[in-house]
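> Below you will find the structure I want to go over with you.
Laboratory data are not the source of any read-out in this text; all were calculated from the coordinates shown. All figures in this text were calculated on a predicted structure; none of them were measured in a lab. Note that we place each Cβ from the backbone using ideal geometry, even for glycine, and neighbour counts take in every protein chain shown.
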Amino acid sequence: MITYQTEGVEMPQIKRREVSEWIKQVAASYGKRVGEVAYIFCNDDKILEVNREYLQHDYYTDIITFDYTEGKRISGDLFISLDTVRTNADQFAEGDYPRELHRVIIHGILHLCGINDKGPGEREIMEAAENQALEMIRF
C-alpha cells in the first residue's frame, strides 16, 4: 500500500492513483513488489529536523528514505521537502517543478530497490534509472 501524507505543507498536485501504479511498475522492473510505502511531504524545517534527529546530518535535502525492505517486498517512509524540490527545480530542472517532484518521488523508490547514489559512479547510475522511470509516466 502506498500512502501520501503531509506535514506543514499542502498536498502537492499529483495524480496519486497514477503515481502509485507507476511506482509499482518501476519496482516490478527491478523484480520487487510494493509493501508499505509512506510518502510524507513536508517543508525544509521538518526535513532538517528529521535529518538531524535520525541521521545526525545538519543540512537540508530533498528526500530522506527510511528503508524497511524485506526480500523482494519494498517498504519505507519517504520524507520529501517540497521547499527543496522547488528550489532544485528552479536551479537544475529549468523550473519544471512537476518533473522534479516526480523525479524525487521515484528516487526514493529506486533506493528501496537497491540503487545507491553516494559511491563512485553510483550517481550516474541513479540518474539513468530516474530518467528511465520518468519516461514511464505522464505528469
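> Within the range 50-62, does at least one residue satisfy the condition of being within 14 Å of the chain's Cα centre (by Cα), closer than 15 Å to residue 2 by Cα and among the β-branched types (Val, Ile, Thr)? Step through it out loud before you land on a result.
The first filter runs over the range 50-62 and keeps only residues within 14 Å of the chain's Cα centre (by Cα), leaving 61-62.
Next cut, closer than 15 Å to residue 2 by Cα only: none.
Looking for residues that are within 14 Å of the chain's Cα centre (by Cα), closer than 15 Å to residue 2 by Cα and among the β-branched types (Val, Ile, Thr), one finds none in the range 50-62, hence no.
> Might you let me know whether the range 26-49 holds any residue that is over 20 Å from residue 102 (Cα atoms) and hydroxyl-bearing (Ser, Thr, Tyr)?
No, that holds for no residue.
> Taking residue 117 as meeting all but one of (1) crowded, with 18+ Cβ neighbours inside 10 Å; (2) over 16 Å from residue 9 (Cα atoms), write down the number of the exception.
Here residue 117 meets the rest and fails (1).
> Let me ask something additional. Of everything in the range 99-139, what is part of a helix (DSSP H, G or I) and without any contact (Cβ under 8 Å) to a residue 24 or more places away in the chain? Give them in sequence order. Give the steps one after another, and end with the answer.
Step one: list which residues in the range 99-139 are part of a helix (DSSP H, G or I), which gives 99-112, 122-134.
Of everything in the range 99-139, those that are part of a helix (DSSP H, G or I) and without any contact (Cβ under 8 Å) to a residue 24 or more places away in the chain turn out to be 100, 122, 123, 124, 125, 126, 127, 128, 129, 131, 132.
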